[in-house]
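Reading through the structure tokens given below for one structure.
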Amino acid sequence: MTSGIRFDGVSVAYGGTVVLDSLDLTVEPGEVMALLGPSGSGKTTALRAVAGFVRPASGRVFIGGRDVTGLPPYRRGIGMVVQSYALFPHMRVEDNVAFGPRAQKAPRSEIPGRVAEALELTDMAGYARRYPRELSGGQQQRVAIARALAVRPGVLLLDEPLSALDAQLRSGMLAELARLHRELPDVSVLYVTHDQVEALTLADRIAVMDRARLRDCGTPEELYRRPRTEFTASFVGNANLLPVTAGTDTVTFAGRELKVPAGGSAARGAAATLCVRPHLVGLGDGPNALRGTLAEVQWRGATHRLYVDVAGHRLMADVRELRDPPPPGAEVVLHFAPDDAVLLPAGAGPEAGVRAEVAAHG
């Protein structure tokens with residue numbers, strides 16, 4: 001079993017249209033890497049290039065240090081779970097799980113043990129004799145994962161595996177996938193999703209993709225707390241992105257001077273963007289106070305989201321324990337702490353975050 005994945009300048013094109021553009025990315029042995037991005041960003045194409053279902057127009061794919069670019073899928077030592085699960089309806093659960101080892105031509109004496117082990121790992125041992133139609137969506141998903149694990153892969157590929165489940169099942173399966181990762185610490189996982197909660201919950205690192213290119217890469221905490229690009233800030237969680245002019249430990253927004261953390265990368269007098277997460281914006285007087293008009297209030301259970309127009313810009317504030325929210329049209333004051341803001345240089349293209357990641361990791 002070999003682990004770890006490396007994309008070396010991988011590009012894929014269909015009919016002259018580039019759908020994956022010069023991807024350089026390394027998934028370390030035992031690491032969970034989430035590919036996060038909107039539809040059409042290239043994330044599933046990257047996964048299919050690892051699986052061997054698409055051939056790169058240029059570049060190389062490595063698994064465990066071995067160049068697998070020209071190898072067929074069955075010789076790559078991978079397990080894969082797709083959105084639709086793709087279980088064989090005429091086969092019982094145990095036969096679905098045994099399909100991979102049989103296709104690998106594993107010794108017949110080994111197959112029952114592999115099936116039992118995979119079903120035990122996914123808590124499906126009691127369902128071995130059932131057909132897929134006799135299972136719930138969450139149980140079918142567990143069987144699909146068990147089938148992928150039965151081949152004892154060094155690399156596990158997950159392509160939107162939770163998207164067909166309802167919210168409650170999805171939450172439970174996130175916990176199950178996290179448990180599996182703890183029990184299989186040597187398996188590298190490439191997890192494709194457009195759901196930021198899944199990526200933030202499961203991944204050791206997140207690769208943010210858009211328009212066929214890698215835009216940013218880092219740990220979930222890095223990308224959420226200190227995004228390096230506007231695209232990352234807006235896609236990994238919600239963000240207020242304010243156009244500002246940089247000063248010395250301050251910025252100017254709509255004629256108002258706001259304090260920001262010291263040591264920002266924007267030059268004094270330069271145009272920049274200030275990023276503040278909605279849950280870090282408070283209601284009422286405080287540091288960096290901004291006065292505006294309340295446009296909309298949304299109740300979200302634990303919080304109220306306020307949309308406030310400030311000098312022609314709409315700001316979001318997620319406020320907890322707001323028992324009596326002000327009515328739309330009321331004048332309100334928002335505030336945020338200087339250390340909760342991130343200053344992004346204007347014109348720092350999406351690749352800026354990638355350059356920073358490469359510098360940090362060599």
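The values are calculated or read from the model by the stated rules, or taken from the named source; none is laboratory data. A quick note: this is a predicted structure, and the numbers were derived from the prediction, not measured. Neighbour counts are summed over all protein chains in view; Cβ atoms, including those assigned to glycine, are modelled from backbone coordinates with ideal geometry.
Limited to the range 289-313, what total is found for residues that are surrounded by 13 or more Cβ atoms within 10 Å (Cβ to Cβ) and not β-branched (Val, Ile, Thr)?
Number satisfying all stated conditions: 13.
So how many residues does the range 59-75 have that are part of a loop (DSSP other than H, G, I, E, B) and over 24 Å from the mean Cα position of the chain (by Cα)?
6
Tally the residues that are under 18 Å from residue 159 (Cβ atoms) and modelled with pLDDT of 95 or more, restricting the search to the range 1-30.
9
So is residue 127 aromatic (Phe, Trp, Tyr), modelled with pLDDT under 90 and assigned by TED's automatic domain parsing to the domain that holds residue 199 or not?
Details: aromatic (Phe, Trp, Tyr): yes; modelled with pLDDT under 90: no; assigned by TED's automatic domain parsing to the domain that holds residue 199: yes.
For residue 127, the condition - aromatic (Phe, Trp, Tyr), modelled with pLDDT under 90 and assigned by TED's automatic domain parsing to the domain that holds residue 199 - is not met.
For (1) more than 20 Å from residue 89 (Cα to Cα); (2) buried (at least 20 other Cβ atoms within 10 Å of the Cβ); (3) touching a residue at least 12 places away in the same chain (Cβ under 8 Å), each residue gets a yes or a no:
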site	(1), (2), (3)
104	yes, no, yes
113	yes, no, no
118	no, yes, yes
133	no, no, yes
154	yes, yes, yes
159	yes, yes, yes
178	yes, no, yes
186	yes, no, yes
189	yes, yes, yes
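Which one of these does residue 87 not meet: (1) in contact with a Pro (Cβ under 7 Å, 6 or more places away or on another chain); (2) assigned to a helix (DSSP H, G or I); (3) surrounded by 15 or more Cβ atoms within 10 Å (Cβ to Cβ)?
(2)
Among the residues of the range 284-306, is there at least one that is closer than 26 Å to residue 222 by Cβ, outside any loop (DSSP other than H, G, I, E, B), among the hydrophobic types (A, V, I, L, M, F, W, C) and at pLDDT 95 or above?
no
Residues 8, 67: which one is in contact (Cβ under 8 Å) with a residue 24 or more places away in the chain, of a type outside the set (Gly, Ala, Ser) and surrounded by fewer than 23 Cβ atoms within 10 Å (Cβ to Cβ)? Full working, then the answer.
On the way: 67 fails: in contact (Cβ under 8 Å) with a residue 24 or more places away in the chain.
After applying the criteria, what remains is 8.
Out of all the residues in the range 208-263, which are over 29 Å from residue 20 (Cβ atoms) and among the hydroxyl-bearing types (Ser, Thr, Tyr)? Full working, then the answer.
Filtering the range 208-263 down to residues over 29 Å from residue 20 (Cβ atoms) leaves 240, 242-263.
If the condition is that a residue be over 29 Å from residue 20 (Cβ atoms) and among the hydroxyl-bearing types (Ser, Thr, Tyr), then 245, 248, 250, 252 are the ones that fit.
Does residue 47 satisfy being assigned by TED's automatic domain parsing to the domain that holds residue 191, surrounded by 24 or more Cβ atoms within 10 Å (Cβ to Cβ) and either within 15 Å of the chain's Cα centre (by Cα) or in a loop (DSSP other than H, G, I, E, B) (or both)? Working first, answer last.
Working: assigned by TED's automatic domain parsing to the domain that holds residue 191: yes; surrounded by 24 or more Cβ atoms within 10 Å (Cβ to Cβ): no; either within 15 Å of the chain's Cα centre (by Cα) or in a loop (DSSP other than H, G, I, E, B) (or both): yes.
Spelling it out, it is not the case that residue 47 is assigned by TED's automatic domain parsing to the domain that holds residue 191, surrounded by 24 or more Cβ atoms within 10 Å (Cβ to Cβ) and either within 15 Å of the chain's Cα centre (by Cα) or in a loop (DSSP other than H, G, I, E, B) (or both).
Residue 332 versus (1) of a type in the set (A, V, I, L, M); (2) closer than 22 Å to residue 231 by Cα; (3) in contact (Cβ under 8 Å) with a residue 40 or more places away in the chain; (4) assigned to a strand (DSSP E or B): which is the lone unmet condition?
The single condition residue 332 does not satisfy is (2).
Within the range 236-274, restricting attention to residues that are more than 30 Å from residue 203 (Cα to Cα) and among the hydroxyl-bearing types (Ser, Thr, Tyr), which residue is surrounded by the fewest Cβ atoms within 10 Å (Cβ to Cβ)?
248
Scan the range 279-288 and give yes if some residue there is surrounded by 13 or more Cβ atoms within 10 Å (Cβ to Cβ), touching a residue at least 60 places away in the same chain (Cβ under 8 Å), in the same structural domain as residue 343 (by TED's automatic domain parsing) and within 25 Å of the chain's Cα centre (by Cα), otherwise no.
Within the range 279-288, one or more residues are surrounded by 13 or more Cβ atoms within 10 Å (Cβ to Cβ), touching a residue at least 60 places away in the same chain (Cβ under 8 Å), in the same structural domain as residue 343 (by TED's automatic domain parsing) and within 25 Å of the chain's Cα centre (by Cα).
Here are 100, 138, 113: which of them is part of a helix (DSSP H, G or I), more than 30 Å from residue 45 (Cβ to Cβ) and not aliphatic (A, V, I, L, M)?
Going through 100, 138, 113 in turn, just one is part of a helix (DSSP H, G or I), more than 30 Å from residue 45 (Cβ to Cβ) and not aliphatic (A, V, I, L, M): 113.
Confirm whether residue 147 is charged (D, E, K, R), closer than 29 Å to residue 39 by Cβ and not in a loop (DSSP other than H, G, I, E, B).
yes
Given the criterion in the same structural domain as residue 318 (by TED's automatic domain parsing), in contact (Cβ under 8 Å) with a residue 24 or more places away in the chain and in a strand (DSSP E or B), identify the matching residue among 208, 251.
From the options 208, 251, the qualifying one is 251.
Among the residues of the range 26-41, write down those that are farther than 16 Å from residue 200 by Cβ and either of a type in the set (Val, Ile, Thr) or surrounded by fewer than 24 Cβ atoms within 10 Å (Cβ to Cβ) (or both).
Across the range 26-41, the qualifying residues are 26, 27, 28, 29, 30, 38, 39, 40.
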